[in-house]
Amino acid sequence: AMAESRPLLGNAGVVLRRVRSPFELARMLATAGLPFPETRAEPTGLPRDGSWLVKKCYGSSGSGIRTLNGPGGLAATERGGPCHFQERIDGPPGAAIFVAADGTAQLLGITRQFIGTSWTRAAAFQYAGSVGPWSLVRHAVEQIQSLGDMLAGEFGVRGLFGVDFVLSDGQIWVVEVNPRYAASVELVERITGVPAMAWHVMACEGPVSGSLRPPLADPLLAGAVWGKAILFAQRDVEVSAAFTAWCFEENCDPLWPFIADIPSAGERIAEGRPIATAFAEGESERDAIARLKQRLAAMESNLYADSP
């Protein structure tokens with residue numbers, strides 16, 4: 001509706017519906033010889049041993065995903081709206097970030113994802129953060145770049161978009177496409193210095209052939225590893241003024257704040273819901289993750305300081 005009334009700096013409804021359909025993705029990837037988890041519209045005949053997942057058609061950030069291991073979990077998901085069933089692929093999850101224009105896509109960066117990570121208090125299958133850059137072998141990167149070009153060419157995706165995948169035995173398995181500013185974009189911005197939103201606007205405003213160039217890392221950020229992690233509530237909690245003030249005090253760098261999505265004082269947050277997002281920079285992935293854990297531990301300490 002918005003696209004019909006005024007210029008839209010994003011993807012129109014027809015593009016969204018196609019690229020968000022696992023069945024459309026499966027057909028495109030099969031034509032290109034790229035793997036995609038087997039996907040069914042009905043659970044009839046599927047094993048209940050945990051090798052298949054139930055996914056809500058309109059879920060996001062891992063919400064509504066269940067293991068197909070019994071009628072109870074299936075019934076609970078079906079009550080939450082339409083769903084489909086997908087083969088489970090084991091391996092580390094990741095995300096590729098692109099900007100697309102004129103039917104081609106520029107790969108901006110690749111990150112590794114935290115899914116259901118215990119130290120963030122996230123639930124199973126819940127997106128809890130990312131760390132990057134993730135260095136993959138050339139074959140995998142070439143697969144990812146080809147995938148981006150196909151999405152831009154076949155589906156007409158434009159602007160910023162992300163592709164979630166699983167790396168299994170050296171093979172990229174696409175899980176879903178997010179045709180929007182995805183969760184890892186802000187890490188790619190910190191790592192490379194690319195002004196992602198400016199590129200998004202440029203890509204969506206009209207023909208820009210030849211104007212998108214491979215990102216050059218800012219010399220000040222070269223070699224840096226950045227991570228983000230979302231803290232989830234262990235129990236129902238009311239945010240104190242002291243916690244909000246502490247979060248703002250932690251943001252000593254106005255360019256790259258260390259805590260984002262800061263809740264307002266007095267806001268009540270239910271168990272399992274996100275509290276805030278922490279960022280950390282390190283010399284290695286292990287270093288960045290260790291700093292994220294420290295920051296989340298400090299956030300929890302301040303969040304529950306006045307709670308029984």
Exercise for review: Sort Arg20, Arg138 from largest to smallest accessible area, using a 1.4 Å probe on the heavy atoms of the protein chains.
Suggested key: Arg138, Arg20
Point to revise | Cα-projected label distance for Arg268 with Asp287, points at 7 Å along beta-carbon direction, nm | key: 4.5 nm
Point to revise | Solvent-accessible surface (1.4 angstrom probe) belonging to Trp173, in square angstrom, nearest 10 | key: 60 Å²
Check your understanding: In whole percent, how big is the carbon plus sulfur part of the accessible area of the chain, probe 1.4 Å, protein atoms only?
Key -> 53 percent
Review point. Under 19 Å Cα-Cα from Lys228, which lysines qualify once same-chain neighbours fewer than 8 residues away are excluded?
Key: Lys293
Check your understanding: Can you work out ³J(HN,Hα) from phi for every residue in the stretch 43-53, in order, using Karplus 6.51 cos²θ - 1.76 cosθ + 1.60 and θ = phi - 60°, giving whole Hz and x for Gly and Pro?
Key -> x, 4, x, 7, x, 10, 9, x, 7, 10, 10
Exercise for review: May I ask which residue of Val201, Leu255, Leu147 lies farthest towards the positive end of the charge dipole of the chain, with charges of +1 (Lys, Arg) and -1 (Asp, Glu) on Cβ and the Cα centre as origin?
Suggested key: Leu147
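The values are calculated or read from the model by the stated rules, or taken from the named source; none is laboratory data. None of the values given here were measured: they were computed from a predicted structure. Glycine gets a Cβ as well: all are built from the backbone with ideal geometry, and neighbour counts include every protein chain shown. Just the protein is used for accessible areas: all its heavy atoms, side chains included, with ligands, DNA and RNA removed. Shrake-Rupley method; radii C 1.70, N 1.55, O 1.52, S 1.80 Å.
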